[in-house]
Amino acid sequence: MGPYSIRVASAAEQQQAVGVRIRVFVEIQKFPLETEVDELDEAAVHVVLVDESLGGRVVGTLRIIRAGDAAKLGRVVVLPEHQGRGLGRRLVEFAEQHIAAAPEFRECTHVKLGSQCDKRGFYEKCGYAAEGDVYDELGCPHIWMHKPTQRTQR
């Protein structure tokens with residue numbers, strides 16, 4: 001994986017992760033700043049992609065939230081200058097492994113996420129299947145995608 005590592009975020013890394021989210025979702029994709037950080041961040045498990053060659057700087061992130069019998073991935077992002085290297089897929093795979101192993105997700109039968117429609121192909125390559133109708137989230141078309149947890153695939 002080269003100079004990159006993936007791990008559950010420390011408090012300091014979580015702050016860096018918010019900066020990555022703001023850069024991509026607010027500055028580049030133009031989502032409102034006030035919607036980026038929400039009450040779900042407090043309860044979420046935050047996973048970070050770190051570039052060790054940049055002194056351990058966070059360059060990608062996602063969060064995992066328990067939602068009934070599902071683990072929900074959200075705020076999945078890799079900075080543009082680090083995209084195209086398979087890092088987003090590795091970030092998602094790490095999250096899926098964490099979900100399969102962590103006690104707080106033991107009852108989860110599947111992983112779900114609300115994908116921006118133009119990112120659907122990425123999640124399909126990660127093994128997710130679209131389900132239901134396209135819906136609007138802050139002016140951007142999204143679709144729900146699902147995948148059985150690794151525990152239920154065995």
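Values quoted throughout were computed directly from the atomic coordinates according to the rules given, and no laboratory measurement underlies them. Here the structure is a predicted model, which is why all the values come from computation and not from measurement. Methodologically, a virtual Cβ is constructed for each residue, glycine included, from the backbone with ideal geometry; neighbour enumeration extends over all protein chains shown.
Any idea what the relative contact order of the chain is, in percent, if you count C-alpha pairs under 8 Å spaced at least 6 apart?
Working: 252 pairs, mean separation 28.1, N = 154.
Contact order relative to length: 18 percent.
Take a quick pass over the stretch 4-153 and tell me how many lysine pairs come in under 22 angstrom between Cα atoms, counting only ones 8 or more apart or on separate chains.
Lysine pairs meeting the criterion: 9.
Let me have the 222 nm mean residue ellipticity of the chain computed from DSSP H runs of 4+ only, each contributing -39500 (n - 2.57), with the sum over all residues rounded to the nearest 500. Don't skip to the end; give the middle numbers.
Values: 6 runs with 44 residues, N = 154.
Value at 222 nm, helices only, nearest 500: -7500 deg cm²/dmol.
Looking at the chain only, what percent of DSSP beta bridges run antiparallel? Nearest 5 please. Display every interim value, and only then the final one.
On the way: 32 of 36 bridges.
Taking every DSSP beta bridge with both residues in the chain, the antiparallel ones total about 90 percent.
Find how many whole Å separate the alpha carbon centroid of the stretch 114-154 from the alpha carbon centroid of the stretch 48-109.
Result: 15 Å between the Cα centres.
Quick one: longest stretch of the chain between exposed loop GluC sites (Glu not before Pro), exposed meaning at most 13 other C-beta atoms within 10 Å and loop per DSSP?
Numbers: sites that count: 39, 107.
Here the longest segment lacking exposed loop sites spans 40-106.
Of 83, 103, 47, which is farthest on the positive side of the dipole of the stretch 1-111, counting Cα position, with +1 on Lys and Arg Cβ, -1 on Asp and Glu Cβ, and the Cα centre as origin?
After comparing all options, I get 83.
Taking the Cα centre of the chain as the origin, how large is its charge dipole in debye, to the nearest 20, when only Lys and Arg (+1) and Asp and Glu (-1) carry charge on their Cβ atoms? Mind showing how you got there, number by number?
Working: 20 positive and 22 negative charges, 128 e Å.
Once rounded to the nearest 20, the dipole reads 620 debye.
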